[in-house]
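Comments concern the structure below.
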Amino acid sequence: MKEAFELNAQQRAAATWEGGHVLVLAGAGTGKTRTIIARAAHLMTSGVDPARILLLTFTRRAAREMVQRLTQLTGQEKIPLMAGTFHHFCLYTMRRMPRDFGVQDATVIDRDDQVQLMKLVRGGYRKKGEQLPRASELVSLCSYARNTNQPVSEYLQQHTDFDEETIEKIRLMARDYERRKRLNRYLDYDDILFLFARRLHEDEALKSRIKGFYDHILVDEMQDTNPLQWLILDALRDPARLFCVGDDAQSIYAFRGADFRNVHAFTERVPDATVLRLEENYRSTQGILDLSNWLLDTSPLQYGKRLTAVRRTVSKPRLLDFENDFEEARWITGDLIERHEGGAAWSDHMIITRTGYGARSLESFMVEKKIPYRFIGGVSLLQAAHVKDLLGLIRACFNLRDELAWARYLTLWPRIGDATAARLIKELKTLYDIQDALKMLEKRLKGRRDVLEGITTVVETWNDPPATIMKAGHYLEPTLKTRYSNWKNRRRDFDLLARLAKRHRSLMAFLETYTLDPVSVTESQRLEEDDVVTLTTVHGAKGTEATVCYLIRVEPGMYPHMRSLGREDDEEEERRILYVAMTRARDELILTRSLRWGGARRSPYAASVTPDRQREAYFFRELDDDLVDSNYVYPEFDDFTDFDFIVPSRN
């Protein structure tokens with residue numbers, strides 16, 4: 001129990017709380033993970049059965065790491081504590097009582113599948129030459145409406161500029177999209193929370209049954225929860241006690257439906273709740289925290305927190321002005337090289353950008369200067385085309401109604417186009433099981449052993465997930481290597497899939513796990529273990545830290561971003577985005593900005609967003625000079641090719 005004794009007074013008060021529901025407002029770098037782990041350990045040592053503790057996180061990795069640290073802390077080899085994301089918890093519960101939720105034989109689909117299905121729906125509504133939102137935008141609109149628990153038409157009327165005719169057409173497309181999902185036995189990402197929350201609130205007997213499983217519900221990253229997740233917590237509390245850890249000042253996911261009020265109005269929603277605070281910061285120097293505290297203090301909202309540094313190192317953030325983003329990028333890469341030559345690891349440095357596009361100049365310089373870096377994000381491993389081909393075969397064998405999976409698998413093969421696949425799929429959806437499907441396909445596709453043998457390969461190894469993936473991948477390889485470049489690297493992804501599948505008792509459990517919480521291609525290549533500079537958006541940086549952080553283009557039009565101007569809630573979230581970015585730094589925070597456009601960006605989003613309006617809203621417009629060391633960095637010119645000479649007229 002060594003770690004438990006290293007808690008500070010605020011952390012210990014939270015971890016050992018004996019009252020009712022509690023919200024722990026944990027500022028950046030204040031040890032929220034340690035506190036929530038200590039809380040679980042305290043409950044267990046106090047006699048609470050770990051099987052009656054529910055720990056909800058926002059990533060599978062966070063849940064796994066918390067359980068690992070809890071086992072080390074308690075000395076127990078295996079703890080029967082339910083820990084996972086909201087989506088995993090809801091799906092886990094529904095899979096164990098499928099008839100109560102109507103999810104028998106349902107297949108969970110990912111974002112790419114959602115877009116493909118919406119394309120099929122959209123095609124039936126779009127008239128020639130008509131402008132309708134793209135399928136990907138329609139999926140996003142439906143997703144946001146679902147996560148904020150609003151009818152699609154109501155959300156569109158309040159938050160978009162579509163006319164009534166377009167809104168009605170989108171409503172009809174959303175309705176048909178839902179109908180098509182039901183016919184195909186699909187569950188998309190948002191359905192899992194929506195269906196679970198709806199059933200809890202409409203079936204008292206079911207709610208009582210599920211509530212009876214838990215005495216304590218621990219929630220990590222409470223500020224990232226959406227209205228559906230709140231409905232789930234609200235249904236499960238009492239007698240179970242809520243222990244929610246979060247920071248309203250780090251609520252930056254409104255675009256995903258996160259509800260800032262789930263933390264900021266917690267005591268209004270749970271009147272008997274207590275609010276505790278963690279304000280001792282173990283990450284940053286006081287100079288970095290002074291600037292971060294100032295930013296929150298200038299808000300019209302009352303965040304009610306002031307972080308103080310445990311470390312005694314003093315260093316002010318630096319604010320550097322450049323003539324343009326070209327010079328900004330040149331200086332940063334030069335500074336990185338100088339630090340590395342002085343003995344610093346590349347991995348000690350993180351560059352944070354408001355948008356991926358905002359780092360284009362910097363990326364080009366890093367490539368030119370051969371500075372190793374990784375960009376946080378990347379394509380989800382399960383969304384890579386060759387991986388989806390393999391998984392399409394597996395999904396088709398599981399669910400004969402999965403038209404997207406069947407279409408992907410069948411059209412891999414020569415002389416089977418969309419029309420042929422559509423006719424086969426229509427008949428497949430009327431059959432009972434995979435053996436019936438094999439007989440039908442053998443009859444319709446005379447002599448096409450290439451198609452049939454892929455299916456039999458999966459069926460024969462179904463109960464051995466890694467073997468299924470390896471054998472199916474081996475079978476498809478001759479076909480896939482002719483379709484995709486760089487096959488040698490792509491082939492390794494199948495090996496990774498097989499290794500991941502070893503952790504799961506069934507193929508569908510494996511697929512659902514990584515559909516709900518994708519592994520990125522970057523993660524699969526384990527670049528985080530390499531000595532590289534991290535380049536990331538602010539949203540990608542959340543939950544990370546670095547010794548030296550460069551926060552680039554901290555200028556009007558970026559903080560707040562011009563797209564948010566004129567909307568009070570959006571502008572306030574932009575303040576929180578900047579706060580999150582600044583509090584990633586441990587020892588040094590270097591803020592840079594460009595003076596192009598006179599310190600403001602021209603707006604491609606709205607004609608009314610003038611440079612003056614951008615400057616007026618700019619968070620650093622009235623920055624206290626004592627909080628930063630500020631300088632203008634003069635351009636450096638290597639040779640005359642840097643200049644565009646204007647030859648004077650002789651007249």
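Here are a few things to note about the model shown:
- Checked against (1) open to solvent by less than 60 Å² (accessible area, probe 1.4 Å); (2) in a loop (DSSP other than H, G, I, E, B); (3) touching a residue at least 60 places away in the same chain (Cβ under 8 Å), residue 303 passes all but a single condition, namely (3).
- Scope the range 512-525; condition open to solvent by less than 30 Å² (accessible area, probe 1.4 Å), at pLDDT below 80 and more than 15 Å from residue 356 (Cβ to Cβ); matching residues: 513, 514, 515, 516, 517, 519, 524
- Residue that is most open to solvent (accessible area, probe 1.4 Å) [pool: residues in the range 277-300 that are touching a strand residue (DSSP E or B) at 6+ places or on another chain (Cβ under 7 Å) and assigned to a helix (DSSP H, G or I)]: 286
- Number of positions in the range 235-262 that are open to solvent by 10 Å² or more (accessible area, probe 1.4 Å) and farther than 18 Å from residue 540 by Cβ: 7
- Any hit, the range 218-225, residues being out of contact with any Ser or Thr (no Cβ under 6 Å at 6 or more places or on another chain), surrounded by fewer than 19 Cβ atoms within 10 Å (Cβ to Cβ) and in contact (Cβ under 8 Å) with a residue 40 or more places away in the chain: no
- Filtered residue count, the range 311-339, keeping only those that are among the β-branched types (Val, Ile, Thr) and at pLDDT 90 or above: 3
- Residues that are within 30 Å of residue 540 (Cα to Cα) number at least 1 in the following helices (runs of 4 or more DSSP H) confined to the range 379-477: 385-398.
- For residue 117: the one exception among (1) touching a Leu at 6+ places or on another chain (Cβ under 7 Å); (2) hydrophobic (A, V, I, L, M, F, W, C); (3) open to solvent by 50 Å² or more (accessible area, probe 1.4 Å): (3)
- Among residues that are open to solvent by less than 10 Å² (accessible area, probe 1.4 Å), within 19 Å of residue 148 (Cα to Cα) and in a loop (DSSP other than H, G, I, E, B), residue 232 is not included.
- Number of the condition not met by residue 270 [criteria: (1) at pLDDT 90 or above; (2) closer than 30 Å to residue 155 by Cβ; (3) open to solvent by 60 Å² or more (accessible area, probe 1.4 Å)]: (3)
- Among residues of the range 478-487, those that are in a helix (DSSP H, G or I), under 17 Å from residue 391 (Cβ atoms) and under 30 Å from the mean Cα position of the chain (by Cα), counted: 1
- Restricting attention to the range 526-577 and to residues that are at positive phi and either open to solvent by 10 Å² or more (accessible area, probe 1.4 Å) or touching a Phe, Trp or Tyr at 6+ places or on another chain (Cβ under 6 Å) (or both), the residue that is modelled with the highest pLDDT turns out to be 553.
- Restricting attention to the range 449-471, the residues that are open to solvent by 30 Å² or more (accessible area, probe 1.4 Å), without any contact (Cβ under 8 Å) to a residue 40 or more places away in the chain and aliphatic (A, V, I, L, M) add up to 1.
- Close pairs from the range 267-283: first free of Cβ contacts under 8 Å to residues at least 24 places away in the same chain, partner among the aliphatic types (A, V, I, L, M) and open to solvent by 50 Å² or more (accessible area, probe 1.4 Å), Cβ under 7 Å, at least 6 apart: none
- When 143, 136 are checked against the criterion of being touching a Gly at 6+ places or on another chain (Cβ under 9 Å) and open to solvent by less than 70 Å² (accessible area, probe 1.4 Å), 143 stands alone in meeting it.
- Qualifying residue in the range 252-267 (condition: over 20 Å from residue 578 (Cα atoms) and assigned to a loop (DSSP other than H, G, I, E, B)): yes
- For residue 366: the one exception among (1) over 30 Å from residue 39 (Cβ atoms); (2) part of a loop (DSSP other than H, G, I, E, B); (3) open to solvent by less than 30 Å² (accessible area, probe 1.4 Å): (2)
- Pick from the range 314-362, criterion under 23 Å from the mean Cα position of the chain (by Cα) and open to solvent by 40 Å² or more (accessible area, probe 1.4 Å), ranking: nearest to residue 634 (Cα to Cα): 360
- Criterion: at negative phi, touching a Ser or Thr at 6+ places or on another chain (Cβ under 7 Å), among the polar types (S, T, N, Q) and assigned to a helix (DSSP H, G or I) - qualifying residue of 11, 72, 68: 11
- Residue check, residue 33 among the hydroxyl-bearing types (Ser, Thr, Tyr), touching a residue at least 12 places away in the same chain (Cβ under 8 Å), in a helix (DSSP H, G or I) and under 27 Å from residue 284 (Cα atoms): yes
- Restricting the range 173-200 to residues that are open to solvent by 40 Å² or more (accessible area, probe 1.4 Å) and of a type in the set (A, V, I, L, M, F, W, C), the residue that is farthest from residue 403 (Cα to Cα): 194
- Which numbered condition residue 586 misses (of (1) of a type in the set (D, E, K, R); (2) at pLDDT 75 or above; (3) buried (at least 18 other Cβ atoms within 10 Å of the Cβ); (4) in contact with a helix residue (DSSP H, G or I) (Cβ under 7 Å, 6 or more places away or on another chain)): (4)
- Which numbered condition residue 401 misses (of (1) in contact with a Lys or Arg (Cβ under 6 Å, 6 or more places away or on another chain); (2) touching a residue at least 60 places away in the same chain (Cβ under 8 Å); (3) open to solvent by less than 40 Å² (accessible area, probe 1.4 Å)): (3)
The values are calculated or read from the model by the stated rules, or taken from the named source; none is laboratory data. Note that the coordinates shown come from a computational prediction; the quantities given were computed from them, not determined experimentally. Cβ: placed from backbone, ideal geometry, glycine included. Neighbour counts: every protein chain shown. Quick note on the areas: whole protein, heavy atoms, side chains included, nothing else; ligands and nucleic acids left out. Shrake-Rupley method; radii C 1.70, N 1.55, O 1.52, S 1.80 Å.
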